[in-house]
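Structure, as structure tokens:
The values are calculated or read from the model by the stated rules, or taken from the named source; none is laboratory data. Predicted model, so just to flag it, every value in this text is computed and none were measured. Ideal geometry is used to build each Cβ from the backbone, glycine not excepted, and the neighbour counts take in all protein chains shown. The protein model used for the area step is the full one, side chains on, heavy atoms only, and it has no ligands, DNA or RNA in it. Shrake-Rupley method; radii C 1.70, N 1.55, O 1.52, S 1.80 Å.
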Amino acid sequence: MQKTYKVLALLLALAFLVLPAAEAGKKDKAEEMTRQKRIMFIPHDNRPISDKQTADVVRELGYEVIVPPDDMLGSRTDLGHPEELWTWAEENASGVSAAVISSDSMLYGSLVGSRKHDCTRGEIVARLKNFEDFRAAHPALPLYVFGSIMRTPRSGEASGSEEPGYYKNYGADIFRYTLLTDKQEVEGLTSREKKEYAFLKELIPEKSMEDWMSRRTKNFAANEKLIDYTKSGVFDYFVLGRDDNAPYSQTHMEGRKLLAYSAGLGSSKFQTMSGIDEVGLLLLSRAVNNIEHKMPFIHVCYNKGTGGRTVPAYSDEHIQDSVRAAATAAGAVLIQRPEKSEYVLLVNTNPNGKTYEANDRTNDGKVRDGTQYFLDLLKDYIAKGYPVGIADVAYANGADNALMEGLKREDLLFKLRAYAGWNTPTNSTGFAVAEGLLAERMTDDARDSLLLTRYLDDWAYQANVRNTIARQLTWLRGDGFYGSLGSKMDAVSMRSTRMMNRFIEENLPPITEIDTVVVTFPWNRMFESDILPEDPGFAYEYLARRK
């Protein structure tokens with residue numbers, strides 16, 4: 001009996017020891033699960049598409065995505081606050097399972113800041129060193145970084161006032177001059193081009209060219225150092241986006257040289273790819289796939305005609321190469337057989353290989369060559385049960401109205417896995433790749449919410465409302481124009497809101513969450529908008545999710 005009591009006493013003592021340990025184990029596991037669901041994201045500015053809309057895709061998976069306050073990020077007029085961003089990053093790095101960071105924000109303040117800053121070389125070098133210190137302080141934190149090779153807009157108008165002032169007058173000449181410089185290195189110039197090159201060299205003010213090139217020289221040197229960090233393991237993955245460019249341009253030339261500098265780094269560590277605004281979401285997708293130990297397979301199919309060999313507007317490569325790069329950046333693999341894939345991406349190119357602007361007169365909703373072929377292709381994949389997404393790149397800066405009319409007519413709008421048709425073609429393909437990969441793990445409501453965001457922005461606003469209101473700007477009282485609305489902003493917001501709500505009523509199925517929307521212009525221009533539900537209760541909930 002005494003022996004029995006001793007055994008019982010021993011068991012009770014062990015229980016008192018084991019139970020707290022078990023509880024502690026449960027607590028540690030819960031904390032680990034919470035940490036795994038939290039990602040730090042520092043975008044390259046506070047535009048809705050690069051900030052809220054990008055983070056929202058991952059939030060719909062149930063992740064917490066922490067982003068710096070809007071007033072700390074760069075905007076059109078505020079180039080950003082790199083020192084404050086570094087402080088914020090240090091204060092928020094503990095308790096996250098991955099960090100996706102824009103090097104442009106951390107070095108210059110923002111993407112626009114990279115084009116217009118007055119930072120000294122010493123300031124940039126000191127901020128580069130912060131990456132080493134950050135890695136040393138957080139050695140186990142997966143760190144995914146994206147930066148830009150400075151863009152080369154085709155003209156002052158195309159620059160949207162995001163280049164120094166002289167670009168308004170000499171932008172087209174600078175673009176042409178650097179195009180010829182690049183071409184001269186790659187294949188040589190004709191005698192006529194040599195004369196044009198000499199003429200442009202004399203035409204462009206020396207002071208303006210020196211200013212433009214000095215900033216690019218600093219950016220190029222910084223990108224070399226970022227590549228060094230990738231080689232030494234400071235970064236887990238690094239992407240350099242070739243912002244708005246062309247097959248021959250200063251951007252293309254710098255991209256060639258930086259790719260050569262990265263020799264020895266495979267695509268599992270580094271890429272330079274056409275585009276920039278989509279890269280944040282691609283790396284967030286990569287972070288999620290790594291956290292969840294997934295390597296998804298994607299099958300890609302193009303419209304008839306030129307298809308994947310299309311070199312779209314604002315790009316220097318075939319769209320099939322951009323899609324492949326986007327898939328790799330997101331942590332996915334392209335495969336030939338759709339039945340083995342988790343996601344099928346259909347790319348809506350024009351059969352003739354050209355990219356038009358969404359405000360082109362041909363974007364009138366009427367069926368064109370390739371429209372019905374693409375719709376039939378889509379219906380076939382859906383009928384076979386494949387999860388299908390669309391990258392809509394027949395037009396830049398907005399949706400293809402003929403395609404969208406077909407999706408509406410065939411009741412296919414909300415049978416997709418993902419859709420994107422905004423800004424440059426590579427913005428759209430990259431976004432559609434990343435969102436489609438993550439949407440596979442979302443609820444139906446979450447997928448529909450993301451589709452709705454894109455339909456409101458890419459189809460309703462960018463391809464239709466924006467173009468109509470832009471033609472009406474001269475009717476409105478006050479000072480302001482497309483690129484800087486000024487005192488016309490309230491009137492433009494009111495008209496856009498009215499037109500958007502009419503578009504929703506006429507083109508989208510009844511949506512219980514959103515009866516009407518309000519359109520605002522956070523960057524004081526018509527190029528991008530922020531579209532929010534008008535219902536106060538839903539708007540409050542909508543905004544709360546984005547904090």
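Just a few scattered comments:
- Region 75-177: Rg to Rh, with Rh as the Kirkwood radius over Cα pairs: 1.07
- Compared with the direct C-alpha span, the chain from residue 337 to residue 410 gains 23.7 nm at full extension, assuming 0.36 nm per residue.
- Nearest-0.05 FRET efficiency for residue 291 and residue 120, computed from C-beta distance (R0 41 Å): 0.60
- Unsatisfied cross-links (Cα-Cα over 30 Å) in the set 340/379; 269/408; 37/231; 37/340; 168/195: 269/408
- Spacing of the modelled spin labels on residue 479 and residue 494, each 7 Å from Cα toward Cβ, amounts to 2.1 nm.
- Of all accessible heavy-atom area on the chain, the percent that carbon and sulfur account for (1.4 Å): 53 percent
- Percent of alpha-carbon pairs separated by more than 24 Å within region 103-251: 39 percent
- Solvent exposure ordering (accessible area, 1.4 Å, most first) of 41, 297: 297, 41
- log₁₀ of I(q)/I(0) at q = 0.06, 0.07, 0.13 Å⁻¹ - the chain, Debye sum with one point per alpha carbon: -0.31, -0.41, -1.41
- Computed extension length for residue 257-residue 36: 75.8 nm, one decimal, from 0.36 nm per residue of separation with the Cα-Cα distance subtracted.
- Inter-probe distance in nm under a simple model that places probes 7 Å from Cα toward Cβ, at residue 505 and residue 91: 4.6 nm
- Heavy-atom accessible surface of the chain, averaged per residue, reaches 43 Å², computed with a 1.4 Å probe.
- Using the alpha carbons alone, the radius of gyration of region 279-366 stands to its Kirkwood radius in an Rg to Rh ratio of 1.04.
- Extending 7 Å from the Cα toward the beta-carbon at both residue 83 and residue 304 defines two label points whose distance is 6.2 nm.
- The residues 530, 133, sorted by heavy-atom accessible surface at 1.4 Å with ligands and nucleic acids left out, run 133, 530 from largest to smallest.
- The C-alpha atoms of the chain define a longest principal axis, and helix 191-203 lies at about 80 degrees to it.
- Within the same chain, aspartates and glutamates fewer than 8 places from residue 207 are excluded, and of the rest, those with a Cα less than 18 Å from its Cα are 118, 163, 173.
- Computed lengthening from residue 203 to residue 138, 0.36 nm per intervening residue step minus Cα-Cα distance: 18.3 nm
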